[in-house]
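For reference, the structure discussed in these notes is given below.
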Amino acid sequence: MPTIHPSAIVERGAELGATTVVGPYCHVGPHVVLADEVRLISHVVIAGHTRIGSGTVIYPFASIGQPPQVLKPVGERSELVIGTNNTIREQVTMNPGTGFGNIVTRVGDNGLFMVGVHIAHDCLVGSNVVMANNATLGGHVQVGDFAYVGGLAAVHQFVRIGPHAMIGGMSGVENDVIPYGSVMGDRARLSGLNVVGLKRRGFSREQIHSLRNAYRLLFAQEGTMQERLSDVAELFHDTGPVIDIIEFIRADSSRAICQPK
């Protein structure tokens, strides 16, 4: 049986796992699904059609699954799906999707979302993502696995952040960030590769060396971007991380690619 504090409100229809813990003064809505080992520490509000995977811990005053913060009417059913083993700290807000977006906002596994983080409607956030204090994602943002978003950073709507990317603290990100890239600045500019993150993730010296060479070629002054993409794809056709960057840049997007100064 789940453990529910006497002061908590769990509305009829909510589904709780056998080992779910709902702490003092929490409110769980009627369409919420909480898996085993989910823990709501206290004063947590979970609303809407929200599903939370096992092992996720949510700290006081987080507001999860409340309606999207948009001007358009949102009467359709939409969802917020949060994966397993996430840590969601105090005052975090996460909103579900919309009918003019993905219908679902999705957060992967093993993430750390520090105090005051906001994940807006229709975002797709990967696994092993870290968002530091008060980092904000606008609507429809995509964040790849192992990305790090620094404190007070703000990511514009529809921006894509590639896997293993690093967003510096207090950055304003208006354009797509390539996989393995590092950006910073009031209007963020590409400052190089996230070499520290690559080493921590176990990338080999040869892979990092290839990424560095490919980066220099991609953002050189000579030729067009399409010409440089073709050259890099031919030179590094057997280097997976470099191909990740090529495919990311070539993919459809409503944003430009973040460039070096």
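Numbers for the structure displayed
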{"item": "Gain on full stretching of the segment that runs from ILE208 to TYR25 - 0.36 nm per residue minus C-alpha separation", "result": "61.0 nm"}
{"item": "Under DSSP loop assignment and at most 14 Cβ neighbours within 10 Å, longest GluC sites (Glu not before Pro)-free interval of the chain", "result": "77-221"}
{"item": "Estimated FRET transfer efficiency when R0 is 30 angstrom, pair VAL57-GLU11 (beta carbons, to 0.05)", "result": "0.90"}
{"item": "Kirkwood Rh and Cα Rg combined as Rg/Rh, the chain", "result": "1.04"}
{"item": "Positive minus negative residues near VAL38 (Lys, Arg vs Asp, Glu; Cβ under 12 Å)", "result": "-1"}
{"item": "Residues SER171, SER182, SER191 arranged by fewest to most Cβ contacts within 10 Å", "result": "SER191, SER182, SER171"}
{"item": "Net +/- balance of residues flanking PRO260 in space, Cβ distance below 12 Å, scoring K and R +1, D and E -1", "result": "+3"}
{"item": "ARG200-GLN226 FRET efficiency (beta carbon distance; Förster radius 45 Å; 0.05 resolution)", "result": "0.85"}
{"item": "Cβ-defined net charge surrounding VAL183, 14 Å radius [Lys, Arg +1; Asp, Glu -1]", "result": "+2"}
{"item": "Residue-span extension gain [VAL115 to GLU234] - 0.36 nm each, minus C-alpha spacing", "result": "38.4 nm"}
{"item": "Packing-based exposure ordering (other Cβ within 10 Å, fewest first) of ASP36, ASP109, ASP176, ASP186", "result": "ASP186, ASP36, ASP109, ASP176"}
{"item": "In order through the stretch 15-27: 3J(HN,Hα) via Karplus (6.51 cos²θ - 1.76 cosθ + 1.60), integer Hz, x for Gly, Pro", "result": "10, 10, x, 5, 10, 5, 10, 10, x, x, 6, 7, 10"}
{"item": "Relative contact order of the stretch 199-250, pairs being alpha-carbon contacts under 8 Å that are 6 or more residues apart, as %", "result": "34 percent"}
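All of the numbers you see were taken from the coordinates with simple rules; none came from a lab. Quantities reported herein were computed from a predicted structural model and do not represent experimental measurements. Cβ atoms come from the backbone with ideal geometry, glycine included; neighbour counts cover every protein chain shown.
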